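A.B. asks: Okay, handing you the structure first.
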Amino acid sequence: MEGTLPPERRGFATDRPPDAIRRYSEAERLTHWAVALLYVALFASGLALFHPFFFWISALFGSPTTMRILHPFLGVSLAVLFFAYASRLWRDNLLLPSDRIWLRRMPGYMNGKDETPVEGKYNAGQKLMYWSMIAFVAGLLLTGLVIWRPYLAPSFGMTARRTAGLLHAVFGFVMFVGIGVHFYAAVWTRGSMRAMTRGWVTRTWARYHHPGWYRRMTGKVAE
Amino acid sequence: MKLTRRRFLQGTGATIGATSLAALGFAPERVLAQTREFKLAHTRETRNTCTYCSVGCGLLMYSLGDGSRNARSRIFHIEGDPDHPVNRGTLCPKGASLVDFVNSPDRLVTPEYRAPGADAWKPVTWEFALDRIARRMKDDRDANLVERNGQGVTVNRWPTFGVLAASASSNETGYLTHKVFRSMGVVAIDNQARV
Amino acid sequence: MTNHWTDIKNADVVMVMGGNPAEAHPCGFKWVTEAKANNHARLIVVDPRFTRTAAVADLFVQIRPGTDIAFLSGVMNYLLSNDHVQREYVAAYTNAPFVVREQYAFDDGLFSGYDEGARSYDKASWAYELGPDGFAQVDPTLRHPRCVYQLLKRHVSRYTPEVVSRITGADPARFRQVCELVASTAAPDRVMTSLYALGWTQHTVGAQNIRAMAMIQLLLGNMGMPGGGVNALRGHSNIQGLTDLGVLSDLLPGYLTVPKETEPDWKRYVEVRALKPLRPGQMSYWQNYGKFFVSLQKAWWGDAATRENGFAYDYLPKLDRLYDILAVFELMHQGRVHGYVCQGFNPLASAPNRAKVTEALSKLEFLVVIDPLRTETSEFWKNAGPSNPVDPSRIRTEVFRLPSTCFAEEDGSLTNSSRWLQWHYKGAEPPGEARGDLGIVAGIFQRVRALYQKEGGKLPDPILKLTWPYLDPASPSPEEVAREYNGRALADLPDKANPGKTLAKRGDQLTTFGLLQDDGSTASGCWIYCGSYTDQNLMARRDPADPSGLGLAPGWAWAWPVNRRILYNVASTDPAGKPWDPRRPLVRWSGEQWVGADVPDYKPDVPPSAGMRPFILNPEGVGRLFGADKLVDGPFPEHYEPFESPLSADPLHRRPAARNNPAARIFPDDRAALGSPDEFPYAATTYRLTEHFHFWTKHARIPAVLQPEQFVEIGEALAREKGIRDGDRVRVRSRRGQLEAKALVTKRIQPLQVAGRVVHTVGVPIHWGFIGLTRPGYLANALTPVVGDANVQTPEFKAFLVNVEKV
Amino acid sequence: MALESLDVRRRSATETTSPSARSSVEVAKLIDVSRCIGCKACQAACMEWNDLRDRVGETRGTYQNPPDLSDQSWTLMRFREVELPGKGLAWIIVKDGCLHCADPGCLRACPAPGAVVQFSNGVVDFHEENCIGCGYCQAGCPFNIPRFGARDGKAYKCTLCSDRLAVGLEPACIKTCPTQCLSFGAKADMLRLAAGRVRELQGRGFEEARVYDPPGVSGTHVVYVLPHGDPALYGLPREAGISPLVTLWRSTFARGLGVVTMVSVLVAGFFHWMKVGPVDPDRRADRKEE
């Protein structure tokens, strides 16, 4: 069956159909994937420190000590890139009253029902993901700074360091759950991955997932 | 222990095996929970007395080398002598850090000479230093020894030369110092007991 | 120490005054801890500062520096007026019953016989009333108005608690507690020990400070007792040894004294020293002086010391005056000393008035420094910024610096404060070209002797004929020298009790000074050390066993005299020879002879009924409450203000001559360098810290880490007044110099109410200088005055005046 | 009591039980503050034995030097002058250093396997070759003990001279202590000794004297006798225990739950895919076109 599909419709198709719509700019994509790679490294190293079952991961970083030294630097890099990226998206992610309806019907979509038409570039789920990522990255950054040896930790009190250590782990955990949802959603909704790798989506995809945005992008604006 | 060739090979083999395993990350658990090697094993132990105050604490000194010709001994650790009836193994902070006095960077290592008006030391040989000291002493003694006082009483004293002896030197040093300088007629001999 | 370190554990009360053993002798202080833990002992600390010893004391009293005699006399007054004395002991073993000459008097701070011009006493009146038999008269009832007991009672009656508090600043309630605790040891089964050090000696009244305590101990019956005694905690590892060996300007080995020029021949010299008993049946051990002296001369000059030449009496120099270190630096300052050897001694740091010492050393023609370390003295000519601001080009002194070994690199013996001679062994090679002191001294001597052999010169005989029987003349071995000071028989010594037998064969090492002879048949370089190196080296013994449980360890090393661990130990028994305290039996009369855990300090076969008293060195046979003519500044201690006192008026005497110790010597330029309280209002005292040893450990890394930088201690009240905070830099000035250091503001030095005014004390730890691994600092002796104890010239480092300001 | 792997009770970041067939006598150091003269011999002996040399610092208005514990100072005398009501001036001098907790917070917090080891004799030892320098041990410690090397970034603290203990010797500080402020032996013996000292102190007017062996960390292998009682006077926590934050943070249960939850997310995604499959509007559009 796959073989019968036009090339542009296959998973990570590289042939851009002439009527494709650009969804993410090159800069956005590069930043996104840089952040994603950093996240993977951070999550892996964080996991090694979080639970001894995963301590073997530290060997992938050369040595446990190198891993411990790298982790905070990677974290700060992630935060810088992430916030630079996120700062350009906040307008598109403002929550609208219509988002409430979308959210209410979300379990339905997850079970195969069609989506309620979405107003903006992002649906309510994506918006919530956006805001929660801002919260988690900020939380991880701040708590991470407090326990960053040898640079910053010594200037904080022990209660602050203990609290930060605990919160860092909690944020890391919750963030993993969020990122899991994010990643799965991207895989689950065919075409999204291509949008973030190649930058374009098909008209069908846009019309289906983000009709408002589609209308704006194609000029077929009702307003 | 006699080291046969076979035993040697076994040992080497085991060592190579162990190190390569460790390199692969199979460090034996034992290494992970090993304590530091005991640093005094097989070292040479000498008994001494603390050089500072007059409690006279007993010391055990540990030095490099086993006394063989090619090893130059140096003390690297000192602790209290548990048999000593007074200190019973204990030492005060000064005694506990005696090794840093013995090996102080400020220890003198060569005879030195400072000429009149000079602003620096010049390293000299023992011969030079001792010859010149003896010369100066003899000249001064010959010039200033008082053989008789005003009443004609034999007094045989040399008042222009003095000695301060060390109350941290041994009895033997103190005795010989006293004997040598008193025989020359020196009256101005003192040690720290005066101050 | 009359007793020894371990013996402190036997005490019921430990009185620390004039010392700070927790800080200066921590491992000796261990035995105070033991006494507290195992004997329920109480620890009293009396000091101008709340020291580390005070930190673990049961009772601490702060006093003004230099007022110890007032405090102790107040204690004596309490003991005598409340009859808290060990009556039986006092009557039998002290000179309390002795009647003093009628001419003796004391009035307003001066004893009879004072010559103000000469600043000295004619001591003729300070003597006992002698009977027609030549013996001192006694009144066993102690009621005679001129008996020592009554005189003492009268003398100390002025030191009422009010007067004590007025002079010393001590809190009256706490003074009273001290008196009560001290008095509790008047019981025969309770003992107090006294631990003191330089806090008592470094005063113009140093010897009398110690006498005052000795008198208290006699009144309480604590001398000779295990857990008792008056215990000098000596400062250096072998300061006891060098004192025993007489390496002092006026001493010869074994507490023999250097002849004076008023003693033209050896007979006269011995006569005035071999004192006859003052009471019937007494031993007066110094009667043997001639034997000790002749044996010394034979050790030094061998065959050249003959009866005909008075055993080479003229080979010894004769004194015309004192040549103590203060006098020598005065002479040096006048340009009258040309050559000087400093062997392991750093006088620039440890002699008073450092500015004067620098000037004096600059006037030398040559200076020889023998030391393992770079001392400040050896570099006195080297500019080191403000802490040694000299111009080398103007200093013409030739300086030789010879590297010597340290303790770890030599064999030999050291005598600790317990009088134990302990042998030690070389553990490593010295660094570089450093040589042992024996080799260095021999090197100098061999060369001087060779010059006299070659060139002749003035009086060569004492040098040419000095015995030098060492296998390697350039480097005598410690064993050879030790065998020499122990002594040997030069001829067979016949046993008078068993005709035909000998006590020692010719050439034998002697086993006891009892064998020494005054006919030249024995040689011994230091009679009190005789018995230390017999056919074996007893100093190297290592048996820690303590069968008596009293801590004597008789098989460990060797103690002088004759391995006796507690001096005057027969005084621990009552006049019938039974121990005062049956729980602590040291020695006793068995019915036939003296036996016990320690070597009895007595003639072994004389029964107690014979009336011989236990203080066998004294012609009286008893301990002296009345010092007679032994000290130059009075038969009783009297409080005199330090030469620099924060009080402008004498709180005790009206007579100006009695303000300071009237018999203490002070040179005119040093008197001119004394400061007045208007300009320098604060009392100051110098002292050690536990982390450091004098000026050595600043060259050692760990001690430098533990106490890295110079500081002075200032009480909170004074600091507030001066706007000084912890860690500020302050300048401390005296009339003689100044230093800059960090301020350590503390609650441990409180201002005292003294004679109607407030006196602040400033604490000046020593230990820093311009060379070493610690941060550079100033030599504390920049501040101190050149005036010494009237008897032994130990400088007054413990009480002087300074001013303090924030830099 | 050779301290080799079989004498290990626990290792950091090791969820399985360490080989611990042997059990040796539990040891303890007793610090009787009433006997301490603040001579710093313990500091000197510690530096000397362990071949450490702290830097030559400066004086800041106290006898306390160096100012704090460090990778070169594993023990430190802390000095405090206190006016105690009714008792006058007290110069409180406390030897600070690792207490070798029976339940060590450092070991619980440490994420590096084998960087913290607890031997069956009670010694809690840092093995710096395994240390990654994260600082969690500091957060875990109720007594603020571990310090990091400036050059190597590794955590250091008192080892109770585990190398000396291994050959049957007492720790260097214990051996040197001139006044028997420090004693060493079996913990049971030390507690008996401590109880005796407390009784003696009470007889000397220190009615509040007590033993400090905080139950919050299941007891320690360094036990104090505090003559004035109140631990706060000596700079010790009144209620010592591992912070609940750290307990939660490093608890096996919470972390296990975290891991399980994270794995569950992955599994849930997989199941969802199985059940619902992907959303593919392009494909759906094709179908519509068909």
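Since every read-out is calculated from the coordinates, none of them should be taken as a lab result. Every value quoted in this text rests on a predicted model; they were computed, and no experiment measured them. Please note: Cβ atoms are built from the backbone with ideal geometry, for glycine as well, and neighbour counts cover all protein chains shown.
A.B. asks: Is any helix in chain D, taking whole DSSP H runs, at least 18 angstrom long along its axis by alpha carbon and on average at least 0.0 on the Kyte-Doolittle scale, and which ones?
C.D. replies: TM-like helix candidates: D:252-276.
A.B. asks: Over all residues in C:457-470, what is the mean tally of Cβ atoms on other chains that come within 10 Å of each residue's Cβ?
C.D. replies: Mean shielding by partner chains, rounded to a whole number: 4.
A.B. asks: May I have the pair-distance distribution P(r) for the range B:44-102, computed from all Cα-Cα distances with 10 Å bins from 0 and rounded to whole percent?
C.D. replies: With 10 Å bins starting at 0, P(r) equals 26, 50, 20, 4.
A.B. asks: Residues of the range B:132-165 with amide nitrogen under 15 Å from the 7 Å Cα-to-Cβ point of C:Leu464?
C.D. replies: Output list for this probe position: empty.
A.B. asks: If you don't mind, there's one more thing I want to ask. Of D:Ile242, C:Ser378, C:Trp286, which is farthest on the positive side of the dipole of the protein assembly as shown, counting Cα position, with +1 on Lys and Arg Cβ, -1 on Asp and Glu Cβ, and the Cα centre as origin?
C.D. replies: D:Ile242
A.B. asks: As an exercise, take the mean of 1/r over every pair of distinct alpha carbons in the range D:229-278, invert it, and state the Kirkwood radius in angstroms.
C.D. replies: Evaluated on the range D:229-278, it is 14.5 Å.
A.B. asks: Normalised by the empirical 2.2 N^0.38 Å for globular proteins, what value does the Cα Rg of the range C:1-75 take?
C.D. replies: 1.07
A.B. asks: Suppose we keep just the alpha-carbon trace of the range B:145-195; what are its Rg and Dmax in angstrom?
C.D. replies: 12.8, 40
A.B. asks: While we're looking at this one, here's another question. Would you calculate the volume per residue, in Å³, of the smallest convex hull containing every Cα atom of chain A?
C.D. replies: So the per-residue hull volume is 169 Å³.
A.B. asks: When Rg is the radius of gyration of the Cα atoms in the protein assembly as shown and Rh is its Kirkwood radius, what does Rg/Rh come to?
C.D. replies: Using only Cα positions, Rg/Rh for the protein assembly as shown is 1.11.
A.B. asks: Which value, in debye to the nearest 20, describes the size of the charge dipole of chain C about its Cα centre when Lys and Arg Cβ atoms bear +1, Asp and Glu Cβ atoms bear -1, and nothing else is charged?
C.D. replies: For this selection, approximately 980 debye.
A.B. asks: Can you quote the Å³ per residue value for the convex hull of the Cα atoms in the range C:115-162, rounded to an integer?
C.D. replies: 112
A.B. asks: Show me, for the range C:720-732, the HN-Hα J-couplings you get by feeding each phi into the Karplus relation (A = 6.51, B = -1.76, C = 1.60, θ = phi - 60°), rounded to Hz, glycine and proline as x.
C.D. replies: 4, 4, 9, x, 9, 10, 3, x, 5, 8, 10, 10, 10
A.B. asks: Given the DSSP H assignment, sum -39500 (n - 2.57) over each helix run of at least 4 residues in chain D and divide by its residue total; what's the result at 222 nm in deg cm²/dmol, nearest 500?
C.D. replies: -8500 deg cm²/dmol
A.B. asks: With no solvent and one equal point scatterer per Cα, compute the Debye intensity ratio I(q)/I(0) for the range C:5-232 at 0.08, 0.14, 0.16 Å⁻¹ and report its log10, rounded to two decimals.
C.D. replies: -0.30, -0.90, -1.13
A.B. asks: Arranged by the count of other C-beta atoms within 10 angstrom, fewest first, what order do A:Ser25, B:Ser63 take?
C.D. replies: Neighbour counts put them in this order, fewest first: A:Ser25, B:Ser63.
A.B. asks: In addition: Using modelled backbone amide H atoms (1.01 Å from N, in-plane), which distant-in-sequence or interchain residues come within less than 5 Å of C:Leu245's amide H?
C.D. replies: C:Gly254
A.B. asks: Would any residue of the range C:655-675 have its amide N under 14 Å from a label point 7 Å out along Cα→Cβ of C:Arg119? List them or say none.
C.D. replies: What the label zone holds, given the 14 Å backbone N cut-off, is C:657-675.
A.B. asks: Still on this structure: Fewest Cβ neighbours within 10 Å first, please rank C:Trp468, A:Trp56 accordingly.
C.D. replies: Placing the least packed residue first, the sequence is A:Trp56, C:Trp468.
A.B. asks: Quick one: which residues, 5 or more positions from A:Thr189 or on another chain, have an amide H under 5 Å from its amide H? H modelled 1.01 Å from N in the peptide plane, none for Pro or chain starts.
C.D. replies: Result for A:Thr189 returns D:Val279.
A.B. asks: Sticking with this one: Based on alpha-carbon atoms only, what is the radius of gyration of the range B:82-172 relative to the globular estimate 2.2 N^0.38 Å?
C.D. replies: Cα Rg divided by the expected 2.2 N^0.38 Å: 1.74.
A.B. asks: What number in nm² do you get for the range A:127-223 if you take the convex hull of its Cα atoms and divide its surface by four?
C.D. replies: 8.9
A.B. asks: Something else now. Work out from phi, with θ = phi - 60° and the Karplus expression 6.51 cos²θ - 1.76 cosθ + 1.60, the ³J(HN,Hα) of each residue of the range B:123-139, listed in order in whole Hz, and give x for Gly and Pro.
C.D. replies: x, 9, 7, 4, 4, 4, 4, 5, 4, 5, 4, 4, 4, 5, 5, 5, 4
A.B. asks: Given N residues in the range C:751-796, what is its alpha carbon radius of gyration divided by 2.2 N^0.38 Å?
C.D. replies: In units of the globular-protein estimate, the range C:751-796 measures up at 1.64.
A.B. asks: Additional query: Would you tell me the mean number of C-beta atoms belonging to other protein chains that fall within 10 Å of each C-beta in C:431-440, as a whole number?
C.D. replies: Mean shielding count: 6.
A.B. asks: Assign one of three labels to the range C:467-547, namely rounded, prolate or oblate, based on the Cα gyration tensor with a ≥ b ≥ c the square roots of its eigenvalues; rounded applies when a/c is under 1.5, prolate when it is not and a/b is larger than b/c, and oblate otherwise.
C.D. replies: Since a/c reaches 1.5 but b/c is at least a/b, the shape of the range C:467-547 is classed as oblate.
A.B. asks: Quote the relative contact order of the range B:21-167 in percent (integer), defining contacts as alpha-carbon pairs under 8 Å separated by 6+ residues.
C.D. replies: Normalised by residue count, the contact order of the range B:21-167 is 11 percent.
A.B. asks: When the Karplus curve 6.51 cos²θ - 1.76 cosθ + 1.60 is applied with θ = phi - 60°, which whole-Hz ³J(HN,Hα) does each residue of the range C:665-675 get, with x for Gly and Pro?
C.D. replies: Per residue, the Karplus-derived 3J(HN,Hα) values read 7, 9, 6, x, 5, 6, 5, 5, 8, 7, x Hz.
A.B. asks: Sticking with this one: Quick one: which residues, 5+ away or cross-chain, put their amide H under 5 Å from the amide H of C:Phe98? H built at 1.01 Å from N.
C.D. replies: C:Asp139, C:Val148, C:Tyr149
A.B. asks: Using alpha carbons only, how many angstrom separate the centre of the range C:440-505 from the centre of the range C:267-297?
C.D. replies: Rounded to whole Å, the Cα centres lie 25 Å apart.
A.B. asks: So if each residue of separation counts as 0.36 nm, and I subtract the Cα-Cα distance between C:His40 and C:Arg336, what length gain in nm does that give?
C.D. replies: Result: 100.8 nm gained on full extension.
A.B. asks: I would also like to ask the following. Any chance you could check the Cα centroid distance between the range C:719-736 and the range A:130-208 for me, in angstrom?
C.D. replies: Cα centroid to Cα centroid, the span is 59 Å.
A.B. asks: How much length is gained on full extension from C:Glu429 to C:Asp108, taking 0.36 nm per residue of separation minus their Cα-Cα distance?
C.D. replies: Extending this stretch completely gives an extra 109.4 nm.
A.B. asks: Another question about this same structure. Percentage of Cα-Cα pair distances in the range C:308-413 greater than 17 Å, rounded to whole percent?
C.D. replies: Distances greater than 17 Å cover 60 percent of the Cα pairs.
A.B. asks: Counting alpha carbon pairs within less than 8 Å and at least 6 residues apart, what relative contact order, in whole percent, applies to the range C:656-806?
C.D. replies: 35
A.B. asks: Still on this structure, I have one more. When the Cα centres of the range A:48-102 and the range C:508-558 are compared, how far apart do they sit, in Å?
C.D. replies: 82
A.B. asks: Loop only by DSSP, 14 or fewer other Cβ within 10 Å of the Cβ. Give me the trypsin sites (Lys or Arg not before Pro) in the range A:121-223 that pass, ordered by residue number.
C.D. replies: Those satisfying the criteria are A:Lys220.
A.B. asks: While we're here: For the residue pair A:Asn111 and A:Met196, what label-to-label distance in nm results when each label sits 7 Å from Cα along the Cα-to-beta-carbon direction?
C.D. replies: Distance between the two pseudo-spin positions: 2.7 nm.
A.B. asks: A follow-up question, please. Distance in nm between label sites at C:Thr262 and B:Asp139, each 7 Å beyond Cα in the beta-carbon direction?
C.D. replies: 3.9
A.B. asks: Let me ask something additional. How long are the semi-axes of the equivalent ellipsoid of the range C:656-806, defined as square roots of 5 times the Cα gyration tensor eigenvalues? Whole Å, largest first.
C.D. replies: 26, 21, 13
A.B. asks: Take the Cβ-Cβ distance between A:Asp15 and D:Thr16 as r, set R0 to 45 Å, and report the resulting FRET efficiency rounded to the nearest 0.05.
C.D. replies: It comes out at approximately 0.25.
A.B. asks: Sticking with this structure for a sec: How many Å³ per residue does the convex hull of the Cα positions in the range A:17-146 occupy?
C.D. replies: 174
A.B. asks: Does anyone have the angle between helix A:64-86 and the longest principal axis of chain A? Alpha-carbon axes, 0 to 90°, nearest 10?
C.D. replies: 40
A.B. asks: If one puts a single equal scatterer on every Cα of the range D:5-243 and applies the Debye formula without solvent, what log₁₀ I(q)/I(0) results at q = 0.08, 0.09, 0.11 Å⁻¹?
C.D. replies: Here log10 of I(q) over I(0) equals -0.29, -0.36, -0.55.
A.B. asks: Here's a follow-up. Just the Cα atoms of chain C: what Rg and Dmax do they give in Å?
C.D. replies: Radius of gyration, then largest Cα-Cα span, for chain C: 26.4, 85 Å.
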